[in-house]
Amino acid sequence: MFYVYVLNSKKYGELYIGSTNDLQSRIIEHNSGKVESTKTKRPYKLVYYEAYCGESDARRREKMLKLRGQARNQLILRIKDTLAQNES
């Protein structure tokens, strides 16, 4: 399986979108500072993920969420209660 995931920075409240074939290991990498683009905003909490059978489908969805504002806004609306809980 391949996953598209959304992490929420507990420090800054910002979202990070990524994809991987090993979700649990990838979250550990983010929180241990092994990912250059996210190490300054640790710690992170997983707030959403989608599973795909094909890597190309997951990569396409990740790209859509990162580059298309409407897709990202729809996702944020989908998880707005979860994000509000993390702010508390």
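Bear in mind that the values in this text are calculations on the coordinates, not laboratory data. Remember, it's a predicted structure, so these values are computed and weren't measured experimentally. Cβ: placed from backbone, ideal geometry, glycine included. Neighbour counts: every protein chain shown.
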Calculated FRET value between residue 29 and residue 56, using beta carbons and R₀ = 30 Å, to 0.05: 0.85
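Count of lysine pairs in the range 14-88 with Cα atoms under 20 Å apart, counting only pairs 8 or more residues apart in sequence or on different chains? Numbers along the way, then the final one.
Working: 34/45; 39/66; 41/66; 45/66; 45/80; 66/80.
Close lysine pairs found across the range 14-88: 6.
Working from the alpha-carbon coordinates of the range 25-88, get Rg over Rh, Rh being the Kirkwood radius. It would help to have the intermediate numbers written out before the result.
Numbers: Rg = 13.3 Å, Rh = 13.5 Å.
Radius of gyration over Kirkwood radius for the range 25-88 works out to 0.99.
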If you keep only loop residues by DSSP, which trypsin sites (Lys or Arg not before Pro) in the range 1-83 have at most 16 other Cβ atoms within 10 Å of their Cβ? 10, 11, 34, 68
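Within the range 1-60, report the GluC sites (Glu not before Pro) that DSSP leaves as loop and that have at most 13 other Cβ atoms within 10 Å.
Working: sites: 14, 29, 36, 50, 55; in loops: 14, 36.
Loop-located and lightly packed - 14, 36.
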Could you name the aspartates and glutamates whose alpha carbon sits less than 13 Å from that of residue 11, not counting residues in the same chain fewer than 8 places away? 87
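Restricting to DSSP loop positions (anything but H, G, I, E, B) with no more than 11 other Cβ atoms inside 10 Å of their own Cβ, which chymotrypsin sites (Phe, Trp or Tyr not before Pro) remain in the range 1-65?
Loop-located and lightly packed - 12.
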Any residue on another chain or 5+ positions along whose placed amide H is under 5 Å from the amide H of residue 48 is listed here as 6
Under 14 Å, Cβ to Cβ, from residue 28 - net charge with Lys/Arg +1 and Asp/Glu -1: +3
Around residue 57, what is the net charge, scoring Lys/Arg as +1 and Asp/Glu as -1 over all other residues with Cβ under 12 Å from its Cβ? +1
